[in-house]
Every structure is written in structure tokens, then in C-alpha cells.
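Trainee: Next up is a structure, given as C-alpha cells.
The values are calculated or read from the model by the stated rules, or taken from the named source; none is laboratory data. Here the structure is a predicted model, which is why all the values come from computation and not from measurement. Using ideal geometry, Cβ is built from the backbone for each residue, glycine included, and neighbour counts are taken over all protein chains shown.
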Amino acid sequence: MRAPADPSLPGRAILAPMNAMPAKKWTPEEYLRAERSASQKHEYFGGGIFAMAGCTERHDTITANVTTALGNALRGGACRPHTSDMRIHLPATGLYTCSDGLVVCGAQFTDQTRDTLTNPAVIFEVLSDSTEGYDRGRKFDNYRSILSLMDYVLVSQHEVLVEHFVRQEDGTWNLRVLRTGQRLRLSGVAIEIPVEDLYLWAFDQ
């Protein structure tokens, strides 16, 4: 997904703060007020607000496939999917961010606006060249602090390749690498998705 430009995040160039405002230390409350009226998504970390980069056609196609596949597999159940418009807050680290897709069961929100979740069970990120290091590294480090999170899924946009990190009972994470003909089995919500379903139309051109 898109990465914040915090200097503590390796490999990230500093991006312009929200609405080109002078640098300042924002509170979470100020961030949420500004973000809810902003035309572009931003991340919040350590008092800073950072613009999130756009995406390619293929990235957007795969992201749409993720949401569709999750919706079809979860139909009729208690858990539900959300798109990149749903914000995630990580109380343990203070990060506010968005993923490319997620599943939540019994949603817990930060406030009555109901646009910021704290308890996703599954998170998807579609990898981009500019953000892959962040998604694999510092962002995953932050995500691991979410006690409800059971599955973290990285989806390549250059080839049919899915990397599925599964939380174990002892808190460690195991990696499953999936390709064409295999099925993604999400332990947090007990559903399966054919890997090919995530790549419909992605390589048509």
C-alpha cells in the first residue's frame, strides 16, 4: 500500500504534510478532523501527517479483486470486508493508516464516526515498487501489534504471487507462498480464495 514519509521509516522520502501546512506536531484528534474533510488519504504517525501515494491501474484492479473475492467468500457470515477507504488505528504504536483491503469480525471503532477500525482480523496489501519495503518491514512491524490480526497477505502486482503470513499460537508468524492453482486459506475468518481470483483482468494488457 502507500507509505508514510516519516524519517524513522527506512527508504521513505519526506512528502508534503496535509494541505501543504507548515510542519507541526499534530494530535490524533486534529489529524482525524482534517482527514475527514481531505480529498487525499494521509497516514498519521508520531505527530506527523503524511500524504499517501496514488496507485496504478493494475494495483487498483487487484485491490478491487481482493474486496470482491472477500465479499463473495464471507457472504452470510458475521465478518465483513472493507476497502482502502476504511482507516486502521493501532493504539499500541499510534499509527493511523489504510490497507488495500481487510476483514473485521465484530468491528471496534475509535469513535461514533465509524471510519477508523482497531481490530482487523485480516489485512491485505498490494505491493508497489515504491512501498514494498515499508509493507514488508516497518508497516508489518506495526501491524503485528494488533492482537486480533491473524492473517497478513502481500499480493504482487508483477506476477501471480501471494505471500501469506499466518499468526501462530505463540505469537510468531509463518509464511506461505502461493501461486497459480493454489488457494489462500485465511485462518482468521476460515475462508478460502483461489489465488487466480485476485488477478482477474490484472495482466490483460
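Trainee: Considering segment 157-179 alone, what residues qualify as being of a type in the set (S, T, N, Q) and crowded, with 17+ Cβ neighbours inside 10 Å?
Mentor: Pass one, segment 157-179, residues of a type in the set (S, T, N, Q): 157, 168, 172, 174.
Passing the criteria: only Gln157.
Trainee: Please work out if Arg58 is touching a residue at least 40 places away in the same chain (Cβ under 8 Å) and more than 12 Å from the chain's Cα centre (by Cα). Step through it out loud before you land on a result.
Mentor: Numbers: touching a residue at least 40 places away in the same chain (Cβ under 8 Å): yes; more than 12 Å from the chain's Cα centre (by Cα): yes.
It is true that Arg58 is touching a residue at least 40 places away in the same chain (Cβ under 8 Å) and more than 12 Å from the chain's Cα centre (by Cα).
Trainee: Working only within segment 19-33, note down all residues that are at pLDDT below 80 and in a helix (DSSP H, G or I).
Mentor: The answer is Asn19, Ala20.
Trainee: Within segment 97-134, track down each residue that is more than 16 Å from Glu163 (Cβ to Cβ), in contact (Cβ under 8 Å) with a residue 24 or more places away in the chain and within 11 Å of the chain's Cα centre (by Cα).
Mentor: Once the filter is applied, which keeps residues that are more than 16 Å from Glu163 (Cβ to Cβ), in contact (Cβ under 8 Å) with a residue 24 or more places away in the chain and within 11 Å of the chain's Cα centre (by Cα), segment 97-134 yields Thr97, Cys98, Val103, Pro120.
Trainee: Could you list, in sequence order, all residues of segment 59-100 that are on the phi > 0 side of the Ramachandran plot and either modelled with pLDDT of 95 or more or in contact with a Gly (Cβ under 8 Å, 6 or more places away or on another chain) (or both)?
Mentor: Correct list: Gly94 only.
Trainee: Look at segment 101-118 and say how many of its residues are out of contact with any Lys or Arg (no Cβ under 9 Å at 6 or more places or on another chain) and either farther than 21 Å from Gly76 by Cβ or surrounded by fewer than 16 Cβ atoms within 10 Å (Cβ to Cβ) (or both). Walk me through it before giving the result.
Mentor: If we filter segment 101-118 for residues that are out of contact with any Lys or Arg (no Cβ under 9 Å at 6 or more places or on another chain), which is where we start, we get 101-102, 106, 108-109, 111-112, 114, 118.
If we keep only those that are either farther than 21 Å from Gly76 by Cβ or surrounded by fewer than 16 Cβ atoms within 10 Å (Cβ to Cβ) (or both) as well, we get 106, 108-109, 111-112, 114, 118.
Here the count works out to 7.
Trainee: Across segment 168-192, which residue is nearest to the chain's Cα centre (by Cα) among those that are among the hydrophobic types (A, V, I, L, M, F, W, C) and part of a loop (DSSP other than H, G, I, E, B)?
Mentor: Val189
Trainee: Follow-up question, since we're still on this one. It is to be established whether one or more residues within segment 131-151 are assigned to a strand (DSSP E or B), under 24 Å from Glu43 (Cβ atoms), hydrophobic (A, V, I, L, M, F, W, C) and in contact with a helix residue (DSSP H, G or I) (Cβ under 7 Å, 6 or more places away or on another chain).
Mentor: Checked segment 131-151: no residue is assigned to a strand (DSSP E or B), under 24 Å from Glu43 (Cβ atoms), hydrophobic (A, V, I, L, M, F, W, C) and in contact with a helix residue (DSSP H, G or I) (Cβ under 7 Å, 6 or more places away or on another chain).
Trainee: Additional query: Looking only at segment 78-96, how many residues end up being farther than 20 Å from Arg167 by Cβ, surrounded by fewer than 21 Cβ atoms within 10 Å (Cβ to Cβ) and of a type in the set (S, T, N, Q)?
Mentor: Within segment 78-96, residues that are farther than 20 Å from Arg167 by Cβ, surrounded by fewer than 21 Cβ atoms within 10 Å (Cβ to Cβ) and of a type in the set (S, T, N, Q) number 1.
Trainee: Given the condition part of a strand (DSSP E or B) and either surrounded by 14 or more Cβ atoms within 10 Å (Cβ to Cβ) or of a type in the set (Gly, Ala, Ser) (or both), answer yes or no: does some residue in segment 193-203 qualify?
Mentor: So far as segment 193-203 goes, yes, one or more of its residues are part of a strand (DSSP E or B) and either surrounded by 14 or more Cβ atoms within 10 Å (Cβ to Cβ) or of a type in the set (Gly, Ala, Ser) (or both).
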